[in-house]
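Have a look at the structure below, then the notes.
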Amino acid sequence: MKFFNRSGKKYYSKKLKAAILAGVMAFSLYTNVGFAAQAVNMTLDEAIQIALENNRIIKQSIADRESARWQLSEARRRGNPNLSWSTQAQAIGGSYYDSYDRKRAFNNTLEATMPIYDGGTLKEGRIAARYGLNAADLNLEDALQNVRYQTTSYYYRILQTADQVAVSEEQVKTLQEHLRIVNAQFRAGTVAKADVLSTEVRLANAQQTLVSYRNNYDIAMATLCNYLLLPVDTVVRPPEQLSYNKYNLDLTNCTAYALTNRPDAAAADYAVKQAESNVRAAKAALRPKVNAVANGGRNGDKPFSNNRNDSWTAGISASWNIFDGGLTEAQVNEADAAVIKAKEHAAATREEIQLDVRSAYLSLLAAEKNIATTKVAITSAEEDYRIAQVRYAAGVGTNLDVMDASDKLTQAKMNYYSALYEYNTAKASLDKAMGIPVEIDVPRYIAAESEDKKTAVEARKDSAVTEKAKEVPQISEVAPPVTIDLSEAQQIEPTFGK
């Protein structure tokens, strides 16, 4: 298995390496066994690195690239000499063969052919296959960028749900303390029983909400682990928190960068070139074909006896398909339609890129405004809650005022952490929409391939953003599904209909 550090950084901490050796990163070992739940500290960079190495979509893209590489190899080898051998064994009889004084006949033929001129079919086949490999390189880069974004989104979801759990726990503790105070005042005869009951109901609702947030946190963690191909019961402990770091680029620059750097746009352009090459290959069928041909044969009454006749020929054969009933014309028209389709796809891709960038950028701005607004709201809600407590303790405020103020403070904090999550995920989405590279710098790849007429391997080396990325990605053995430890699972009796 040969995978490389696609981000170019040494992400694995000592603790994470120890965890890998201990079996948390069981995927790399290719052992189809269960694993008990384990805990591991994992930063975002580490999560991204694990995803880039393990993700099955990336491996499918690597397999697609390998297939494209062999398609190019096949196209190149079609111009090589071809050597074939054939043999025949026959029983003979009748008056025509009476003078031969034998009942069997054997014939062995060895033939060598090599195309000299085929109108350009082989050349265009090689060109089309080369463009297919270029597109596969860029589709792999697109898959890497998608995986980086998706991992970031899942990781931030854990951080968001963790903050929601913390806020919800804080609300439960606040209501528990408030209930203690209300009970004390009720025993002192200063408040009515209704205050106690309403506080108990509000506390019960907050406890149910806390259960939901904890469940969301567990699901978010399992989702990330599943995406990283870790056992889904692995406990990830992110040492990070959601934060706000201002993004200074403007929409125009982001869009211009995306149109130049998005790998899917470049891959669509190569698909157009490939389709155009297929048109030229189809038209080449109208031209004559010339082959060099050499053959030799041996025939006799035994396969390899001395009683034989030998012969050989060498020369050139030419053919010209003058009329084929319109077959070639149909193939050319079919290829022309494929070009139109490829061009439409390339245009639609660029339109979608502009929409992706604008959507992510506007979401970023909206979340940024919400962060500022919710921070002010938290300050106001904290002051309102403090006043409500003082007024209630003084007997001039109601219990409902205190609980409403508590709910507003909780909601303000929830809104703040939601805004942080939306801002950070929008930033990651904008990075993806712009085509921030993981392995390949797209403009450099295109320049190396087109201007210098370099191979895909050479173009990859010239455009690699890290030293490791210069290596050609290799396909690997398919890993078995990663499973959790089910050794202590108990038989569950069905209860349906009972």
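The values are calculated or read from the model by the stated rules, or taken from the named source; none is laboratory data. Remember, it's a predicted structure, so these values are computed and weren't measured experimentally. Cβ placement follows ideal geometry from the backbone for every residue including glycine, while neighbour counts extend to all protein chains displayed. All accessible areas refer to the heavy atoms of the entire protein, side chains included, with ligands and DNA or RNA removed. Shrake-Rupley method; radii C 1.70, N 1.55, O 1.52, S 1.80 Å.
Out of all the residues in region 453-498, which are among the basic types (Lys, Arg), at pLDDT 80 or above and open to solvent by 90 Å² or more (accessible area, probe 1.4 Å)? Those that are among the basic types (Lys, Arg), at pLDDT 80 or above and open to solvent by 90 Å² or more (accessible area, probe 1.4 Å): Lys461, Lys468. When each of Asn253, Asn226, Asn248 is tested for being outside any helix (DSSP H, G or I) and surrounded by fewer than 17 Cβ atoms within 10 Å (Cβ to Cβ), the lone residue that passes is Asn248.
Asn183 fulfils the conditions (1) open to solvent by 50 Å² or more (accessible area, probe 1.4 Å); (2) farther than 27 Å from Leu159 by Cβ; (3) not acidic (Asp, Glu) except for a single criterion, (1). Taken over region 359-372, the residue count meeting the criterion of being surrounded by 18 or more Cβ atoms within 10 Å (Cβ to Cβ) and among the hydroxyl-bearing types (Ser, Thr, Tyr) is 1. Taking region 416-472 as the range and being within 20 Å of Asn245 (Cβ to Cβ) and assigned to a loop (DSSP other than H, G, I, E, B) as the test, only Ile436 passes. You will find that of Tyr445, Tyr423, Tyr385, the residue that is closer than 26 Å to Thr223 by Cβ, aromatic (Phe, Trp, Tyr) and either under 23 Å from the mean Cα position of the chain (by Cα) or surrounded by 16 or more Cβ atoms within 10 Å (Cβ to Cβ) (or both) is Tyr423 and no other.
For region 48-102, the candidate set comprises residues that are of a type outside the set (D, E, K, R) and touching a Pro at 6+ places or on another chain (Cβ under 7 Å); within that set, the residue that is modelled with the highest pLDDT is Ile62. Any residue at all in region 271-282 that is outside any helix (DSSP H, G or I) and either surrounded by fewer than 16 Cβ atoms within 10 Å (Cβ to Cβ) or touching a Gly at 6+ places or on another chain (Cβ under 8 Å) (or both)? The answer is no; no qualifying residue exists.
Here Lys408 clears all of (1) open to solvent by less than 60 Å² (accessible area, probe 1.4 Å); (2) modelled with pLDDT of 95 or more; (3) within 29 Å of Ala184 (Cα to Cα) except the condition numbered (1). Could you grab me the full set of residues in region 310-358 that are open to solvent by 50 Å² or more (accessible area, probe 1.4 Å), in a helix (DSSP H, G or I) and without any contact (Cβ under 8 Å) to a residue 40 or more places away in the chain? Listed by number, the residues that qualify are Leu327, Glu329, Ala330, Asn333, Ala337, Ile340, Glu344, Glu351, Glu352, Leu355. Set side by side, the residues Arg287, Arg237, Arg262 differ, and just one is surrounded by 15 or more Cβ atoms within 10 Å (Cβ to Cβ), in contact (Cβ under 8 Å) with a residue 60 or more places away in the chain and among the charged types (D, E, K, R), which is Arg262.
Give the residues of region 362-414 that are within 22 Å of Ser198 (Cα to Cα), in contact with a Phe, Trp or Tyr (Cβ under 6 Å, 6 or more places away or on another chain) and of a type in the set (Val, Ile, Thr), sorted by residue number. Listed by number, the list holds a single entry, Val402. Only one of the numbered conditions (1) outside any helix (DSSP H, G or I); (2) open to solvent by 40 Å² or more (accessible area, probe 1.4 Å) is not met by Tyr154, and that is (1). Residue check: Gly119 meets all listed conditions (1) among the small types (Gly, Ala, Ser); (2) surrounded by fewer than 17 Cβ atoms within 10 Å (Cβ to Cβ); (3) touching a strand residue (DSSP E or B) at 6+ places or on another chain (Cβ under 9 Å) but one, namely (2).
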